[in-house]
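Trainee: One structure, pasted below without further comment.
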Amino acid sequence: MTEKGFEAEINYEETPNYIISEEKPLNSSKNLSKKVDINVLKARAQQVQNKENRKNIITLTLFLIIIGTLGIFLSI
């Protein structure tokens, strides 16, 4: 039985040098600040909220219909 993948030599005496990766940022492009319209953000948040409210109302309505149907069925 051979153990594949364990051929690498590990040296515990040396500390890894991370200075090179700290000096060089991951994104080399310039950070350009773009203006954001607060009304656009509010509109997006409102759309998400409306979808969640619609889903909650549909779920509650179906639950009440099932409970009502079950109540009518068991009372007969």
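Every number in this text was worked out from the coordinates using simple rules, so none of it is lab data. Only a predicted model underlies this, so the values are computations on that prediction, with no experimental measurement involved. FYI the Cβ positions are ideal-geometry reconstructions off the backbone, even for glycines, and counts take in every protein chain you see.
Trainee: Using per-residue counts of other Cβ atoms within 10 Å, averaged over each peptide, order 66-74, 33-41 from highest down.
Mentor: 66-74, 33-41
Trainee: Quick one: grab the alpha carbon gyration tensor of the range 37-76, order the square roots of its eigenvalues as a ≥ b ≥ c, and give me rounded if a/c is under 1.5, else prolate or oblate depending on whether a/b is larger than b/c.
Mentor: prolate
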